[in-house]
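To keep things clear, I will list the structure first and then write my remarks on it.
The values are calculated or read from the model by the stated rules, or taken from the named source; none is laboratory data. Quick caveat, the model's predicted, so the values are computed rather than measured. In this analysis, Cβ positions are derived from the backbone assuming ideal geometry, glycine residues included, and neighbour counts consider all displayed protein chains. Note: accessible area is taken over every heavy atom of the protein model, side chains too, but ligands, DNA and RNA are not part of it. Shrake-Rupley method; radii C 1.70, N 1.55, O 1.52, S 1.80 Å.
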Amino acid sequence: MILCADDFGISPGVNAAILELAQGKVLNAVSAMTVFRHASSEWYSLAKLHPKIQVGWHVTLTEKDWRTFYRRARRGTLDEGFVKAELRRQWDCFCERFGTTPDFVDGHHHVHQFPGVREALLEFLCERGVRPAVRTSGIPLKGMLKLGVKKTNLILRNAALGIAGREMKRLTSRHSVPTNESLLGSYDPHRDNFAEVYGVYQAISQSPRDLFYCHPGHPDRQLAQRDGFVAKRKEEFSFLKQLIP
């Protein structure tokens with residue numbers, strides 16, 4: 001399965017952790033935000049690892065409380081002009097910083113799959129004549145059953161993600177945009193142990209195109225200001241660091 005670290009660019013501590021794992025050949029892919037200012041040397045270090053490491057665009061439209069944005073998306077009250085302008089701005093920023101187009105596209109809090117965003121994103125990519133892989137969420141029924149009754153919380157989380165992913169898969173297929181197979185990695189940071197979760201998902205993976213997404217990092221002040229997922233990142237990093245050959 002593909003192992004992808006999300007949120008490169010959110011803070012210096014996260015950037016340092018992801019670069020260490022990427023340089024240690026633990027990661028296959030890194031998903032990068034472009035909405036925050038950070039040292040050009042960090043982008044340069046990431047660029048040096050390409051194409052051995054795939055680098056993607058992590059569309060960022062939500063803040064700490066993603067639910068407010070999601071409710072507006074469900075009601076169809078998103079500002080279409082804002083969404084399209086942000087997609088253009090973030091895309092241009094990625095291409096400027098990295099020197100090429102992204103290998104794949106996904107979203108912070110899965111925002112790229114929200115109603116109103118997913119349609120705008122695919123329209124945006126088609127207008128530019130590019131077809132990077134777009135992340136879609138969901139696990140086939142066979143994989144869900146393998147999680148077992150003791151992992152009911154994981155089943156419920158993935159079932160919810162699968163609802164959003166179903167429409168995204170339909171749209172990517174219509175536009176001939178490639179995507180992943182299963183999306184693995186969702187868990188409850190308040191209840192679950194990351195090492196155990198990693199092992200569970202690894203055991204049910206059936207395809208080299210399955211994608212396991214993670215959020216390793218060294219918690220710092222900037223991260224705490226920008227995201228609600230903080231403390232667990234250190235645990236993720238500590239476990240993944242053990243996989244460095």
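With each label point set 7 Å from Cα along the Cα-Cβ vector, what nm distance links Ala85 and Lys48?
Label-label distance for Ala85 and Lys48, simple model: 3.8 nm.
How about Lys151: which lysines have a C-alpha closer than 22 Å to its C-alpha, ignoring those fewer than 8 places off in the same chain?
Candidates past the 8-residue exclusion: Lys142, Lys232.
Per-residue HN-Hα couplings for segment 9-24, Karplus 6.51 cos²θ - 1.76 cosθ + 1.60 at θ = phi - 60°, whole Hz, x for Gly and Pro?
x, 6, 6, x, x, 5, 4, 5, 5, 5, 4, 4, 6, 5, 5, x
Quick check: residue separation of Asp92 and Arg71 times 0.36 nm, minus the Cα distance between them. What number comes out in nm?
On the way: separation 21, 0.36 × 21 = 7.56 nm, distance 2.78 nm.
Fully extending the segment from Asp92 to Arg71 adds 4.8 nm.
What number, rounded to the nearest 500 deg cm²/dmol, is the helix-based mean residue ellipticity at 222 nm of the chain, given -39500 (n - 2.57) per DSSP H run of at least four residues and division by all its residues?
The per-residue figure over the chain is -15000 deg cm²/dmol.
Between beta-carbons, use under 11 Å as the cut-off and find the net charge around His109, counting Lys and Arg +1, Asp and Glu -1. It would help to have the intermediate numbers written out before the result.
Numbers: positive: Lys64, Arg67; negative: Asp6, Asp7, Glu63, Asp65, Asp106, Asp227.
For residues surrounding His109, the net value is -4.
What number comes out for accessible area per residue over segment 168-230 if the probe is 1.4 Å? Units Å², please.
That works out to 47 Å² per residue.
Calculate what fraction, in whole %, of the accessible area of segment 1-71 sits on carbon and sulfur atoms when a 1.4 Å probe is rolled over the protein chains.
Here carbon and sulfur together make up 50 percent of the probe-accessible area.
Where a Cα-Cα gap under 24 Å defines reach, which lysines qualify for Lys146, not counting those fewer than 8 residues away within the same chain?
Result set, ordered by chain and number: Lys169.
Taking a quarter of the surface of the Cα convex hull of the chain, what do you get in nm²? Before the final figure, lay out the partial values.
Working: hull surface 49.8 nm².
Value for the chain: 12.4 nm².
Which value results for Rg/Rh of segment 100-188 when Rg is the Cα radius of gyration and Rh the Kirkwood radius based on the inverse mean 1/r? Intermediate results must be reported in sequence, preceding the final value.
Numbers: Rg = 14.0 Å, Rh = 13.7 Å.
My calculation of the ratio gives 1.02.
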